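Undergrad: Take a look at the following structure, please.
Each value in this text was obtained by applying a stated rule to the coordinates, not by laboratory testing. Here the structure is a predicted model, which means the values were calculated and not measured. Methodologically, a virtual Cβ is constructed for each residue, glycine included, from the backbone with ideal geometry; neighbour enumeration extends over all protein chains shown.
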2 protein chains.
Amino acid sequence: MTIGQVAKLAGVGVETIRFYEREGLLTKPKRKESGYRMFDAEVVNRIRFIKSVKELGFSLKEIRELLFLRVDSRATASEVKKRVDSKIDQIDRRIHDLKKVRNALAQLSRSVGKRPLSECPLLDVLEKSRT
Amino acid sequence: MTIGQVAKLAGVGVETIRFYEREGLLTKPKRKESGYRMFDAEVVNRIRFIKSVKELGFSLKEIRELLFLRVDSRATASEVKKRVDSKIDQIDRRIHDLKKVRNALAQLSRSVGKRPLSECPLLDVLEKSRT
DNA sequence: CTTGACTCCGTATCCCACTACCGGCTGTAC
DNA sequence: GTACAGCCGGTAGTGGGATACGGAGTCAAG
């Protein structure tokens, strides 16, 4: 596939793909004699993954770490496992925090219209739930 | 409290507080005759809230919307409720996506050391779980 | 009443993640 | 074989979110 086809399927611009390649998020693709990049379809999923994880608040640096979690010459299995588990913890914390905001919003949704709201009702709810 | 005390308690720089004030995330504080800002303690929680929600992948614009969800002269109760509920949906989707990544990492953690890992093992796991 | 930390505001600068533009080459459809 | 879309690499510019800097005024301890 050409870079343009990949871009269209993954829902990003051509420039973004070249940018991700420079940043080491995508491995360098093979080239035709002309210099044109030749991608195989797998890269589309990879870019979609990057896109969706980015929206969850991870930086490209963190995403690169997620992508390349693996045993290599410089990492033993137990080291890799430690890294993976720490990522899991990080995500668990994030889920926990999101749930807190979610529940505060749910409570706010219930109280809308029932009583007058202060300037920042969400903060009030969070404040009270801190018991 | 002075801006410096607030900054220290909230764990941000003084400049950041002024920046948030300019961006409308904090309401303008009272001033002494000298021009010094006088904050009350509540603002510390507000800044901490901003910090933590930012880390969950929300932009300052979205956070401002979260903070000021309330009924005013231009919004009826049902409109506010609709906005709140749509925020809840958004957060639910985020939690769902995080759980997907989390589960893929958990599976990866289990398989580390058992079988050789490909270049991007996380993507493999996600790929296979897409059934 | 001086010294040193703190604050004021304005402007400039930084980092990140793109996005745009350029002149030149390539591929293909007519 | 020429028009035209697509690709190349390089550099510059953008928007978001801070962070730094500078010169002047303020506060509190000694």
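Undergrad: For segment B:69-131, what is the per residue volume of the convex hull drawn over the alpha-carbon atoms, in cubic angstrom?
TA: Details: hull volume 6.5 nm³, N = 63.
Looking at segment B:69-131, the number lands at 103 Å³ per residue.
Undergrad: Could you state the per residue volume, in Å³, of the convex hull enclosing the Cα atoms of chain B? List each step's numbers first, then the result.
TA: Details: hull volume 21.6 nm³, N = 131.
That works out to 165 Å³ per residue.
Undergrad: Now a separate question. Check each of the trypsin sites (Lys or Arg not before Pro) in segment B:1-74 and keep only those in coil by DSSP with at most 12 other C-beta atoms within 10 angstrom; list them in order. Write down the numbers at each step before the final one.
TA: Values: sites: B:Lys8, B:Arg18, B:Arg22, B:Lys30, B:Arg31, B:Lys32, B:Arg37, B:Arg46, B:Arg48, B:Lys51, B:Lys54, B:Lys61, B:Arg64, B:Arg70, B:Arg74; in loops: B:Lys32, B:Arg70, B:Arg74.
Listed in order of number, the matching sites are B:Lys32, B:Arg74.
Undergrad: Measuring label to label, 7 Å along Cα→Cβ, what does A:Ala77 give against each other copy in nm, shortest first?
TA: 6.1
Undergrad: Counting only Cβ atoms, what residue of chain A lies nearest to the axis that sends chain A onto chain B, and how many whole Å off?
TA: With distances in whole Å, chain A gives A:Gly57, 1.
Undergrad: I've got another one for you. If you build a Gaussian network model of chain A, linking Cα atoms that sit under 10 Å apart, which residue out of A:Leu60, A:Leu26, A:Leu117 swings the most?
TA: Maximum fluctuation in the GNM of chain A, among the listed residues, is at A:Leu117.
Undergrad: Which cross-chain or sequence-distant (5 or more) residues have an amide H under 5 Å from the amide H of A:Phe58, H modelled 1.01 Å from N in plane?
TA: Here nothing satisfies the definition.
Undergrad: Taking the label point as lying 7 angstrom from Cα along the Cα-to-Cβ axis, what are the distances from B:Ser111 to the corresponding position in the remaining copies, in ascending order and in nanometres?
TA: Ordered by distance, the counterparts are at 4.7 nm.
Undergrad: Another question, then. With +1 on each Lys and Arg Cβ and -1 on each Asp and Glu Cβ, and nothing else charged, work out how big the dipole of segment B:69-131 is about its Cα centre, in Debye to the nearest 20. Mind showing how you got there, number by number?
TA: On the way: 16 positive and 9 negative charges, 34 e Å.
Its charge dipole is roughly 160 debye.
Undergrad: Check each of the GluC sites (Glu not before Pro) in segment B:1-75 and keep only those in coil by DSSP with at most 16 other C-beta atoms within 10 angstrom; list them in order. Show your work: numbers first, answer last.
TA: Working: sites: B:Glu15, B:Glu21, B:Glu23, B:Glu33, B:Glu42, B:Glu55, B:Glu62, B:Glu65; in loops: B:Glu23, B:Glu33.
The qualifying sites are B:Glu23, B:Glu33.
Undergrad: Gap in Å between the Cα centre of segment A:96-125 and the Cα centre of segment A:1-78?
TA: Between the Cα centre of segment A:1-78 and that of segment A:96-125, the gap is 39 Å.
Undergrad: Let me ask you something else. Within a 10 angstrom radius of each residue's Cβ in A:82-94, how many Cβ atoms of other chains show up on average? Whole number is fine.
TA: Per-residue shielding by partner chains comes out at 5.
Undergrad: Separate question: Using Cα-Cα distances under 8 Å and only pairs 6 or more residues apart, what relative contact order does chain A have, in percent? Don't jump to the answer; show the numbers that get you there.
TA: On the way: 69 pairs, mean separation 21.5, N = 131.
Reported as a whole number, the value is 16 percent.
Undergrad: For the protein assembly as shown, give the magnitude of the charge dipole about the Cα centre (Cβ charges: +1 Lys/Arg, -1 Asp/Glu; no others), in debye to the nearest 20.
TA: That gives the protein assembly as shown a dipole magnitude of about 240 debye.
Undergrad: Something else now. Calculate how steeply helix A:42-55 sits against the longest principal axis of the alpha-carbon atoms of chain A, using the helix alpha-carbon long axis, and give the answer as 0 to 90 degrees to the nearest 10.
TA: 30 degrees
Undergrad: From the cross-link list A:Lys51/A:Lys100; A:Lys87/B:Lys100; A:Lys8/A:Lys51; A:Lys61/B:Lys8, which pairs have alpha carbons spaced over 18 Å apart? Working shown, then result.
TA: Values: A:Lys51/A:Lys100 25 Å; A:Lys87/B:Lys100 13 Å; A:Lys8/A:Lys51 14 Å; A:Lys61/B:Lys8 28 Å.
Listed pairs above 18 Å: A:Lys51/A:Lys100; A:Lys61/B:Lys8.
Undergrad: Follow-up. Say a label goes 7 Å from Cα toward Cβ at B:Asp124 in every copy; what distances in nm does this one have to the rest, shortest first?
TA: 5.4
Undergrad: If you don't mind, there's one more thing I want to ask. For the protein assembly as shown, what log10 I(q)/I(0) values come out of the Debye formula at q = 0.16 1/Å, with one point per alpha carbon and no solvent?
TA: Listed by q, the Debye log ratios stand at -1.18.
Undergrad: For segment A:1-62, build the convex hull from the C-alpha positions and give me its volume per residue in Å³.
TA: 75 Å³
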